[in-house]
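Input: a single structure, listed below in structure tokens.
The values are calculated or read from the model by the stated rules, or taken from the named source; none is laboratory data. Keep in mind it's a predicted model, so treat the numbers as computed, not measured. When we count neighbours, we look across all protein chains shown, and the Cβ atoms used for this are built from the backbone with ideal geometry, even at glycine.
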Amino acid sequence: MIGARAPAFTVVIENEKRTVVLKKDFQGIHAPVDLLSKKLTMEFSGVRGKGNRLLTFRIDPGNQVDELNEENNQLRKALN
């Protein structure tokens, strides 16, 4: 809904084998009533590994949050 605060959501981090290595819940962000995108900084700790790793960050992996666009809910990041 336009002008409403986004609901709470979950972020999971998966390793190369798609195994969840971390799961964290976040509160929803404020509505963009000024028509400017809102951002939320997320900090994670405790994700360890040896050598190069490819991690996948998935926001709302269970599609619990109703969105106009679900295509931007994941990011792959290589860690060295």
Restricting to strands (runs of 3 or more DSSP E) lying wholly in the chain: which have 3 or more residues that are of a type in the set (V, I, T)?
9-14
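Quick one: which residue in V47, V21, V12, V33 is modelled with pLDDT under 80, under 17 Å from K77 (Cβ atoms) and surrounded by 10 or more Cβ atoms within 10 Å (Cβ to Cβ)?
Within the list V47, V21, V12, V33, the selection yields V47.
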Unique match (being of a type in the set (G, A, S) and touching a residue at least 40 places away in the same chain (Cβ under 8 Å)) among G28, G62
G62
